[in-house]
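Colleague: Provided herewith is a single structure, encoded as structure tokens, for subsequent inquiry.
The values are calculated or read from the model by the stated rules, or taken from the named source; none is laboratory data. These figures come from a predicted structure and were not determined experimentally. Every residue, glycine among them, receives a Cβ derived from its backbone with ideal geometry; neighbour counts consider all protein chains shown. Calculation scope for accessible area: heavy atoms of the full protein, side chains included, ligands and nucleic acids excluded. Shrake-Rupley method; radii C 1.70, N 1.55, O 1.52, S 1.80 Å.
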Amino acid sequence: MIKLSYYEYVLTPFTTLNAVSAGLPRRGALIKVEWPQGFVGYGDLHPWPELGDTPLDDQLAALKKGRISAQVEQTIWLARKDANLRKKGKTILTAGEKVRNNFLVSNSAEIVPGFLDELKRQSYSTIKLKVGRDLAAEATAITRMAAAGFKIRLDFNGTGSWQIFEKFFSGLTAQEKVWIEYVEDPFPYDADTWADAKKLVKVACDAPYEKVDWENSTKVPFDILVIKPAKMDVDKAIERCKKFNLKATVTSYMDHPVGSMGALAVAMECKELYPNIMLDAGCLTYRSYQMDQFAANINTTGPFLSNVKGTGIGFDLLLRDLPWQKLN
């Protein structure tokens, strides 16, 4: 029988994180998993009720009664990957192919003079912009990013409508559209209207993943699958990419640095195993929050992870000294 412990944390965003978030402090829980064979690994449980996840308190209460949610199951799965590396004394840098990450911009107001020049200096090539709150300002940001030569990923988080999206996208110039790699969750999922959006631009599916009729469809109305290991069966997602000829990107869940590093380990493994499927990753989302001790332990060189302190996903001493509470 495995032993489970948890540690609750609070993350403070620098700004409103997306079109469905109010920008308030966010709660989550780190999970320590101990297996009888002496394996110990760590994962992150960071629900987004705004996106349909079961709230944290409910998931922890269920777990104390022996009921494991799909999200907790993924947390344990990630913890096992971490434990396997720790047992061997290895880090995620040995777990797969080196991957490039996009730079996440949660609010278009962040794009001030000199901002894009600095990203270029750091060797970033792709920016993911959260959109849907101020379309006029976001259109201006797209103009600036395109002029600077960045590949652009737009994430609407399923807000708005087909009409709003069509009007917004039609207002962009041909030169700006060339730089848009894809649009993620352009509006609430509907196979027919998403198919219409796909005629205008490459579309990526994230939150509506479970709403897709995977078993009974011969094609799907998008081009790219956003794989979030924090809540998604990665092996099944890859099989669906193969079946429907989709590209994929692995991203973290705008969660704790432990979650970001767990997702990055999966991104590196997938890049090594499926190089023709995987696009650049998006696993540095911990930077959306005020820095804590964990974030300070992550070393990057521009869009790449350059070093990890400790074994597995890192943070050995920090994780050891947390006041863990038993779940079972």
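Colleague: Kindly list, by first and then second residue, each pair from a residue in region 26-45 that is of a type in the set (Ser, Thr, Tyr) to a residue that is surrounded by 22 or more Cβ atoms within 10 Å (Cβ to Cβ) and in a loop (DSSP other than H, G, I, E, B), limited to pairs with Cβ atoms under 9 Å and residues at least 6 apart or on different chains.
Modeller: Within 9 Å, the pairs are Tyr42/Ile313; Tyr42/Phe315.
Colleague: So which residues in region 28-59 are out of contact with any Pro (no Cβ under 9 Å at 6 or more places or on another chain) and assigned to a loop (DSSP other than H, G, I, E, B), if there are any at all?
Modeller: Trp35, Pro36, Gln37, Gly38, Phe39, His46, Trp48, Gly52 - these are the residues of region 28-59 that are out of contact with any Pro (no Cβ under 9 Å at 6 or more places or on another chain) and assigned to a loop (DSSP other than H, G, I, E, B).
Colleague: Check off (1) surrounded by fewer than 22 Cβ atoms within 10 Å (Cβ to Cβ); (2) among the aliphatic types (A, V, I, L, M); (3) without any contact (Cβ under 8 Å) to a residue 60 or more places away in the chain; (4) under 20 Å from Gln293 (Cβ atoms) for Leu11 and give me the number that stays unchecked.
Modeller: Checking Leu11 against (1) surrounded by fewer than 22 Cβ atoms within 10 Å (Cβ to Cβ); (2) among the aliphatic types (A, V, I, L, M); (3) without any contact (Cβ under 8 Å) to a residue 60 or more places away in the chain; (4) under 20 Å from Gln293 (Cβ atoms), the one that fails is (3).
Colleague: Could I ask something else about it? Being within 17 Å of Ala207 (Cβ to Cβ), touching a Phe, Trp or Tyr at 6+ places or on another chain (Cβ under 8 Å) and of a type in the set (D, E, K, R) is the filter here; which residues of region 146-167 pass it?
Modeller: Arg153
Colleague: Still on this structure, please answer the following. Quick one: in region 99-124, which of the residues that are open to solvent by 20 Å² or more (accessible area, probe 1.4 Å) and either of a type in the set (Asp, Glu) or touching a strand residue (DSSP E or B) at 6+ places or on another chain (Cβ under 6 Å) (or both) is nearest to Asp185 (Cα to Cα)?
Modeller: Step by step, filter region 99-124, then rank; the result is Leu104.
Colleague: Got at least one residue in region 246-262 being open to solvent by 10 Å² or more (accessible area, probe 1.4 Å), modelled with pLDDT of 95 or more, of a type in the set (D, E, K, R) and closer than 22 Å to Thr126 by Cα?
Modeller: yes
Colleague: If you don't mind, another one. When you scan region 249-272, do you find a residue that is free of Cβ contacts under 8 Å to residues at least 12 places away in the same chain, over 22 Å from Tyr7 (Cα atoms) and not hydrophobic (A, V, I, L, M, F, W, C), even just one?
Modeller: First, the residues of region 249-272 that are free of Cβ contacts under 8 Å to residues at least 12 places away in the same chain: none.
Checking region 249-272: not a single residue is free of Cβ contacts under 8 Å to residues at least 12 places away in the same chain, over 22 Å from Tyr7 (Cα atoms) and not hydrophobic (A, V, I, L, M, F, W, C).
Colleague: Ok, one more. Identify the residue in region 305-328 that is in contact with a Lys or Arg (Cβ under 9 Å, 6 or more places away or on another chain) and exposed (fewer than 13 other Cβ atoms within 10 Å of the Cβ) and, among all such residues, is modelled with the lowest pLDDT.
Modeller: Asn328
Colleague: Looking at Leu273, Leu246, Leu225, Leu264, which one is over 27 Å from Val10 (Cα atoms) and within 13 Å of the chain's Cα centre (by Cα)?
Modeller: Leu225
Colleague: I need the full set of residues from region 35-65 which are over 19 Å from the mean Cα position of the chain (by Cα) and open to solvent by 60 Å² or more (accessible area, probe 1.4 Å), in order please.
Modeller: Selection gives Pro36, Gln37, Asp57, Asp58, Lys64, Lys65.
Colleague: Just to be sure before I move on: is Leu135 in contact with a strand residue (DSSP E or B) (Cβ under 9 Å, 6 or more places away or on another chain) and either modelled with pLDDT of 95 or more or crowded, with 16+ Cβ neighbours inside 10 Å (or both) in the structure I sent?
Modeller: no
Colleague: Given the structure, is Lys242 more than 28 Å from Leu30 (Cβ to Cβ) and open to solvent by 70 Å² or more (accessible area, probe 1.4 Å)?
Modeller: yes
Colleague: Among the helices (runs of 4 or more DSSP H) contained in region 232-328, which hold 1 or more residues that are small (Gly, Ala, Ser)?
Modeller: Qualifying helices (runs of 4 or more DSSP H): 234-244, 257-273, 293-296.
Colleague: Further question: Regarding region 77-88, can at least one residue be identified that is assigned to a loop (DSSP other than H, G, I, E, B) and more than 13 Å from Ala29 (Cβ to Cβ)?
Modeller: For region 77-88, residues assigned to a loop (DSSP other than H, G, I, E, B) and more than 13 Å from Ala29 (Cβ to Cβ): absent.
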